[in-house]
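A short worksheet on the structure shown next.
The values are calculated or read from the model by the stated rules, or taken from the named source; none is laboratory data. Nothing here was measured: the structure is a model prediction, and the numbers come from that model. Cβ atoms come from the backbone with ideal geometry, glycine included; neighbour counts cover every protein chain shown. Ligands, DNA and RNA are excluded from the accessible area calculation, which covers all protein heavy atoms including side chains. Shrake-Rupley method; radii C 1.70, N 1.55, O 1.52, S 1.80 Å.
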There are 2 protein chains.
Amino acid sequence: MRKLLFIYLILIGLFVIYVYNYQTESETTREWSENELRGSMDETYVMVTFQVGIDYWKRAVKGFEDAAEALNVSVEYRGATQYDVEEEITVLEQVIAKNPAGIAVSTMDPTALNDVIDKAVEAGIPVVMFDADAPESKAYSFLGTDNYYAGVQAAHKMADFLNETGEVGVITQPRQLNHQERTQGFQDTIFMEYPDMKVVAIKDGRGDQLLSRQAADEIMREYPDIAGIFATEANGGVGVGQATINKNLEDEIKIISFDTDKGTLDMIERGVISATLAQGTWEMGYWSLQHLFHLNHDIVEQEDGSNPLPRYVDTGISIVTEDNVESYYPK
Amino acid sequence: MRKLLFIYLILIGLFVIYVYNYQTESETTREWSENELRGSMDETYVMVTFQVGIDYWKRAVKGFEDAAEALNVSVEYRGATQYDVEEEITVLEQVIAKNPAGIAVSTMDPTALNDVIDKAVEAGIPVVMFDADAPESKAYSFLGTDNYYAGVQAAHKMADFLNETGEVGVITQPRQLNHQERTQGFQDTIFMEYPDMKVVAIKDGRGDQLLSRQAADEIMREYPDIAGIFATEANGGVGVGQATINKNLEDEIKIISFDTDKGTLDMIERGVISATLAQGTWEMGYWSLQHLFHLNHDIVEQEDGSNPLPRYVDTGISIVTEDNVESYYPK
């Protein structure tokens, strides 16, 4: 009887020690975890864009989701269905009303969203901008493509294709800042680094396939020796491609385009467009959520009280050619 | 007897269930942790700079350490004691020989370290650059100040101080790219945004206190109405400060300087220098380690095989004035 009671007590004792150890261990973990990069699933971050349906956002959403998995938090994707700034404001208002843990916004207008963004920030909701900035808003940081540098890389690739010789043209949208920057980077680089190349024409394609095709026709007529054309956006690239096919010049003229919509990728597969610049949309999504998480968790308090985020992140571009086009089709 | 045996068995049963539960929980955690942002303490990342002793690196090292705490990894700080590129190469060789988990490097020369950096990357050691880039090396990304944009912010602050009116000058190092960019950003912004202001003089201070003081003397002599001077580096700022004290003009002429060494901070406390631009050195250290961790852990494999890092991170600047100078003294 006594012996058994003794065993009984030892067992209870062991059990208590075990539970005690387990709890101590949890506490150690909890102490360490003050700054750890792990949230909870009831913490929801929202990505907001315009034109929610288009392929362009898919990789950005994927990056946002991948970061959510890494950080153990929840994410949602919302947006205006149309290219309509009023609709985007309404969606943003609805998202703010739910008091999310943070919002990553891409705006179709550099100023129209300022008031609603500032309202969110003032309500204590972290906001970062990605892909297209609202520079005068109170958003904490911007993650997107350095368009000037993208133009620089387009110029180097064009020089590669043309063995650093020949006349080249640009089809762009001269009224939009990002397109001006792409053109400038291209032009400056050709001028400064490739003395045997020359930018002979810069035409307005208005972001329209047909008008870009007509602009390319003009360039081919005015400059019969034209060896390459850089289109600063996707519709332009496809328009230029059609113009070269139409004149049976698709093997003669090298085309470099922008972005990775289906029409562009198809023309790369057919060898009509030689290369396109894919923006780092996955990176935009992934690092946007990292920024929001750091703001929401006050990860590290800095002595001077400034926030721990970089001001601007250039998410970079990748060059897509026949060799790697396959991996850019949405899955 | 039987009854006690029964209790005995129940207790053992409970114990087994408890242990089993505990292990299942561990396994769930382990499964989730594939992408989690938590390393192990035997994983050591190294920061390498030149001139290890100077205050400038302290906040960068702090950022690197704070990220190590957040990510549960180990860090070390190594470097050349002198401003000597050969010594930095030797240190980097020694660090590589130990096969660390990753290296964050700041170089004093944009090309001299390329071979040793490339050697590390080819050996599978992730390398990122911070503060000063080696753009043609194989390092994966660069984190540092956008110097043009820093110049833009200096111009806005100067306009603030001068109520958008008056003649201003610049003391700089015209042979160094980062200083050219700071000057250009300042000049462009004054020209484009402040019609009642004018940059009347840009002088070479050679990064030297005495020569900068002489350059400031010249400006004050040639332009007696000079209302503000922007010094693009710290020795220059102190030199300009001495020049204004010498002429009893320290209350008349607004000085904006760069960086936060003790001499500069002391002159801000005394009201001689009106503001200085603090670079985001903490951010450089923190986000460098994040980048290295992501490379080392292959955090997310992208479909196109590209690495998940941004190409460039602008770590931004903060403006230091009398109001917040206290928090910038090293503790």
Once phi is turned into ³J(HN,Hα) by the Karplus curve 6.51 cos²θ - 1.76 cosθ + 1.60 with θ = phi - 60°, what whole-Hz value does each residue of region A:46-54 show in order, with x for glycine and proline?
10, 9, 10, 9, 9, 6, 4, x, 6
Please report, for residue B:76, the nm distances (one decimal) from its label point, 7 Å out from Cα along the beta-carbon direction, to the equivalent points in the remaining copies, shortest first.
4.9
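Which translational diffusion coefficient, to the nearest whole µm²/s, is obtained for region A:147-278 from the Stokes-Einstein equation, given a Kirkwood hydrodynamic radius over C-alpha pairs, 10 °C and 1.306 mPa s? Don't jump to the answer; show the numbers that get you there.
Numbers: Rh = 13.9 Å.
Translational D for this selection: 115 µm²/s.
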Of the candidates B:77, A:15, A:49, the farthest towards the positive dipole end of the protein assembly as shown (Lys/Arg Cβ +1, Asp/Glu Cβ -1, centred on the Cα centre) is A:15
Using the heavy atoms of the protein chains and a 1.4 angstrom probe, tell me the accessible area per residue for the protein assembly as shown in square angstrom.
46 Å²
With every protein chain left in place, what is the accessible area of residue A:36 in Å² (1.4 Å probe, nearest 10)?
30 Å²
Relative contact order of chain B, defined on C-alpha pairs under 8 angstrom at six or more residues apart (%)
18 percent
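So which helices of chain B fit the span-like rule, where a helix is a whole DSSP H run, its Cα atoms reach 30 Å or more along the axis, and its mean Kyte-Doolittle is at least 0.0? All intermediate terms of the calculation are to be shown ahead of the outcome.
Details: long enough: B:2-32 (45 Å, 0.36).
Result, helices passing both filters: B:2-32.
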On the principal axes of its Cα set, how long, how wide and how thick is chain B? Give whole Å, largest value first.
106, 47, 38
Got a sec? Which residues of region B:37-58 lose 10 Å² or more of accessible surface with every protein chain in place, vs. that chain alone, 1.4 Å probe?
B:37, B:38
List the residue from chain A whose beta-carbon is nearest to the axis that rotates chain A onto chain B, together with that distance in whole Å.
A:37, 2
Using a 7 Å offset from Cα along the direction of the beta-carbon, what are the separations from residue A:109 to the same position in each other copy, nm, ascending?
5.4
Distances from residue B:323 to the same residue in each other copy, label points 7 Å out along Cα→Cβ, in nm, shortest first?
5.3
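How well do other chains shield peptide B:311-322, expressed as the mean number of their Cβ atoms within 10 Å of each residue Cβ? Provide the component values of the computation, followed by the final result.
Working: counts 12, 8, 10, 8, 5, 7, 2, 6, 0, 1, 0, 0.
Counting other chains' Cβ atoms within 10 Å and averaging over B:311-322 gives 5.
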Taking a ≥ b ≥ c as the square roots of the Cα gyration tensor eigenvalues, with a/c under 1.5 meaning rounded and otherwise prolate when a/b beats b/c or oblate if not, region B:202-308 comes out prolate
Region A:29-151, relative contact order [Cα under 8 Å, separation at least 6], %:
23 percent
Sequence order, region B:316-331: Karplus ³J(HN,Hα) from phi using 6.51 cos²θ - 1.76 cosθ + 1.60, θ = phi - 60°, Hz rounded, Gly and Pro as x, gives x, 10, 10, 9, 9, 10, 3, 5, 10, 4, 3, 6, 9, 5, x, 9
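Using Stokes-Einstein with the Kirkwood hydrodynamic radius over Cα pairs, what translational diffusion coefficient do you get for region B:256-331 at 37 °C and a viscosity of 0.692 mPa s, in µm²/s rounded to a whole number?
Numbers: Rh = 14.7 Å.
It diffuses with D of about 224 µm²/s by this estimate.
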For the cross-link pairs A:203/A:247; B:262/B:331; B:58/B:98; B:62/B:262; A:98/A:138, which exceed 22 Å when the distance is taken from alpha carbon to alpha carbon?
B:58/B:98
I'd like the mean, over residues of B:279-287, of how many other protein chain beta carbons sit within 10 Å of each residue's own Cβ.
4
Peptide A:66-78 - average C-beta neighbours from other chains (10 Å radius)
3
Quick one: Debye curve from the alpha-carbon atoms of the protein assembly as shown only, equal weights, vacuum; give me log10 I(q)/I(0) at q = 0.08, 0.10, 0.12 Å⁻¹ to two decimals.
-0.70, -1.04, -1.38
Please list the non-local residues whose amide H lies under 5 Å from the amide H of residue A:254, H modeled 1.01 Å from N, same-chain partners needing a gap of 5 or more.
A:228, A:229
Calculate one ³J(HN,Hα) per residue across region B:136-141 by plugging θ = phi - 60° into the Karplus curve 6.51 cos²θ - 1.76 cosθ + 1.60, and present them in order as whole Hz with x for glycine and proline.
9, 7, 8, 4, 6, 7
Interchain or long-range residues, amide H under 5 Å from residue A:76's placed H:
A:45, A:46, A:47
Interface burial for B against A (accessible surface, 1.4 Å probe, total of both chains, Å², rounded to 100):
4800 Å²
Just want to confirm a number: the relative contact order over region B:147-278, from Cα pairs under 8 angstrom separated by 6+ residues, in percent.
24 percent
